[in-house]
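Asks: Handing you this structure, nothing more for now.
The values are calculated or read from the model by the stated rules, or taken from the named source; none is laboratory data. Computed from a prediction, not measured in an experiment: that's the story for all the values here. Cβ coordinates were reconstructed from backbone atoms using ideal geometry, including for glycine residues, and neighbour counts include every protein chain displayed. Please note that ligands, DNA and RNA were not included when accessible areas were found on the heavy atoms of the full protein model with its side chains. Shrake-Rupley method; radii C 1.70, N 1.55, O 1.52, S 1.80 Å.
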Amino acid sequence: MEGRAARQSPSAPVSVYEVHLGSWRRNADGTLPTWKELGDQLIPYVRDLGFTHIECLPVSEHPFSGSWGYQPVGLFAPTSRFGPPEGFASFIDRCHQEGIGVLIDWVPAHFPSDAHGLGLFDGTNLYEHADPRQGFHRDWNTLIYNFGRREVANFLTANATFWLDRYHVDGLRVDAVASMLYLDYSREADDWVPNVHGGNQNLEAVAFLRATTESVRRDAPGASTIAEESTAWPGVSRSIEAGGLGFDFKWNMGWMHDTLDYIGRDPVHRRHHQGAIPFGISYAFSENYVLPLSHDEVVHGKGSLIGRMPGDRWQKFANLRAYFGFMWAHPGKKLLFMGGEFAQEREWNHDAQLDWHLTDDPMHAGVQRLIRDLNQLYRSEPAMHELDCDPAGFEWIDASDSDGSVFAFLRHSSSRETPMLIVCHFTPLVRRDYRIGVPKAGPWVERLNSDAETYGGSGVGNGGFVEAEATPAHGLPVSLSLTLPPLSMLVLQPDSRAA
């Protein structure tokens, strides 16, 4: 608990494994595991793969399992599906003993209209607005809290700090923040009520969110608040004093959509979409970002991540490995939904466990091995995480080679002593003698190659290291002549022994 502020700061390595506890793994007879059984299996698994945090989809009690917890009724009660509240507390304590933080999804945006819930609680619209243009959510057929009513706002803020205080949860990922901020969110022109200034901003929700993030900061030191906010609302992760909402981090939904669109294209067409990758960098430091590949990307007909990759089976896996490599090297904290780490082929089904038998297949096991090594590299090298939220930590070398679909950049630590060179190559060709400028002379060690045979790749590479040559390139004094494997991501760094 004392160290959680340091473990969740913008300069810390934060790599999150997102889990739906009811479908991660089930007992042999199909029943749900208990909190103890989850602790026995999930915690060692997450620790072995090197993730720093577990993020649980909502754990508040909810009547409909098909809502995945996003329609909670008992906001102060851990779901009884996995056992009593003491079991949940013990699960979090066991995570902490292993150095793993716990985040939970928290849902203040709306609530179900079940008769046994908060709707018409005392026969009146006590928690919700009476006017359906303000109090009924069309997308989800749920009710919207009346954030302008002090008792309601206090009830929700108290619930936020309750999880952090009573159960020692390390942070809250706040769901559907965009739907709270805009009065006209997903509504027709005649189906919303403007604010007192005639605008579409929900001023009461803004005040509530600021009060909640401020309360968390005051009453739960070191705990994090993370916003799922899908618009360009300014300053979500900026301080309240600076006019922001006070969140510590914000999910980078734009990065997710743009890069998934890019990697899902046939490599022959990627040359026409080269700008999709550097565009993400243009706003990468406008907020403290988390890069999410969440549950929302593997449901509702979207298929699995591996299923969205183009090409034959080998190319699908190579594309996914290269994409994961790019994600872990890109500025921002990391979040991956369960199953992605071993290339689950089937779309996520909340009523069944993951397809664990796939890990017996070398290609699937290779992806899992890559995620483990990416986490290890991300956590061990300051250049890969320390300035995730600071433009000083990133430097383009070249993003102009659209024909080759190549991107080269440097990641820096605050000391700038040991830069990390990342080269992403998104065509299925082998490119030899590919020259890339670097800032330091001497040997550069190949720290990671997503095309390595151990990951299921073809084994094309640079023999472990490359000597920088006195040939200027890309405005830098020396350069490397590299072999770029097909559909790959490389990480190189100066050999410290040669310093």
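Asks: Mind telling me which of the residues Ser186, Ser179 ends up being on the phi > 0 side of the Ramachandran plot and among the polar types (S, T, N, Q)?
Replies: None of the other options fit; the residue is Ser186.
Asks: I'd like the full set of residues that are over 20 Å from Gly457 (Cα atoms), in a strand (DSSP E or B) and in contact with a helix residue (DSSP H, G or I) (Cβ under 9 Å, 6 or more places away or on another chain), limited to segment 414-445.
Replies: Met420, Pro443
Asks: Then there's this: The conditions are (1) farther than 29 Å from His300 by Cβ; (2) under 22 Å from the mean Cα position of the chain (by Cα); (3) not in a loop (DSSP other than H, G, I, E, B), and Gly99 fails exactly one of them. Which is it?
Replies: All conditions are met except number (3).
Asks: Sticking with this structure for a sec: I need a count of the residues in segment 98-122 that are over 19 Å from Ala153 (Cα atoms), open to solvent by 40 Å² or more (accessible area, probe 1.4 Å) and out of contact with any helix residue (DSSP H, G or I) (no Cβ under 9 Å at 6 or more places or on another chain).
Replies: 3
Asks: Here is a further query. Among the residues of segment 281-292, what is the count of those that are surrounded by fewer than 21 Cβ atoms within 10 Å (Cβ to Cβ) and in contact with a helix residue (DSSP H, G or I) (Cβ under 8 Å, 6 or more places away or on another chain)?
Replies: So in segment 281-292, the residues surrounded by fewer than 21 Cβ atoms within 10 Å (Cβ to Cβ) come out as 281-283, 285-286.
Then keep just the ones that are in contact with a helix residue (DSSP H, G or I) (Cβ under 8 Å, 6 or more places away or on another chain); that gives 283, 285.
Summing the residues that are surrounded by fewer than 21 Cβ atoms within 10 Å (Cβ to Cβ) and in contact with a helix residue (DSSP H, G or I) (Cβ under 8 Å, 6 or more places away or on another chain) in segment 281-292 gives 2.
Asks: Filter segment 170-192 down to residues that are surrounded by fewer than 24 Cβ atoms within 10 Å (Cβ to Cβ) and either in contact with a Phe, Trp or Tyr (Cβ under 7 Å, 6 or more places away or on another chain) or of a type in the set (Gly, Ala, Ser) (or both), then give me how many there are.
Replies: Total satisfying the criteria: 9.
One line per residue, one yes/no per condition, for (1) open to solvent by 20 Å² or more (accessible area, probe 1.4 Å); (2) closer than 18 Å to Asp373 by Cα; (3) over 31 Å from the mean Cα position of the chain (by Cα):
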{"position": "Pro391", "(1), (2), (3)": "yes, no, no"}
{"position": "Asp403", "(1), (2), (3)": "yes, no, no"}
{"position": "Leu421", "(1), (2), (3)": "no, yes, no"}
{"position": "Ile436", "(1), (2), (3)": "no, no, no"}
{"position": "Arg447", "(1), (2), (3)": "yes, yes, no"}
{"position": "Asp451", "(1), (2), (3)": "no, yes, no"}
{"position": "Glu467", "(1), (2), (3)": "yes, no, yes"}
{"position": "Leu476", "(1), (2), (3)": "yes, no, yes"}
{"position": "Ser496", "(1), (2), (3)": "yes, no, yes"}
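Asks: Taking into account only those residues within segment 348-363 that are without any contact (Cβ under 8 Å) to a residue 60 or more places away in the chain and in contact with a helix residue (DSSP H, G or I) (Cβ under 6 Å, 6 or more places away or on another chain), which is least open to solvent (accessible area, probe 1.4 Å)?
Replies: Filtering segment 348-363 down to residues without any contact (Cβ under 8 Å) to a residue 60 or more places away in the chain leaves 355, 357-361.
Subset that is in contact with a helix residue (DSSP H, G or I) (Cβ under 6 Å, 6 or more places away or on another chain): 358-359.
On the way: Leu358: 22, Thr359: 38 Å².
Among those that are without any contact (Cβ under 8 Å) to a residue 60 or more places away in the chain and in contact with a helix residue (DSSP H, G or I) (Cβ under 6 Å, 6 or more places away or on another chain), it is Leu358.
Asks: Which residues, taken from segment 6-24, are surrounded by 19 or more Cβ atoms within 10 Å (Cβ to Cβ), among the aliphatic types (A, V, I, L, M) and not in a loop (DSSP other than H, G, I, E, B)?
Replies: Val16, Val19
Asks: Please determine whether any residue of segment 390-399 is in contact with a Pro (Cβ under 9 Å, 6 or more places away or on another chain), farther than 30 Å from Gln344 by Cα and assigned to a helix (DSSP H, G or I).
Replies: yes
Asks: In the list Gly30, Gly66, Gly39, which residue meets the criterion of being part of a loop (DSSP other than H, G, I, E, B), more than 30 Å from Cys389 (Cβ to Cβ) and either open to solvent by less than 50 Å² (accessible area, probe 1.4 Å) or in contact with a Cys (Cβ under 7 Å, 6 or more places away or on another chain) (or both)? So that I can check it myself, show each step before the final result.
Replies: On the way: Gly66 fails: part of a loop (DSSP other than H, G, I, E, B); Gly39 fails: part of a loop (DSSP other than H, G, I, E, B).
None of the others qualify; the one that does is Gly30.
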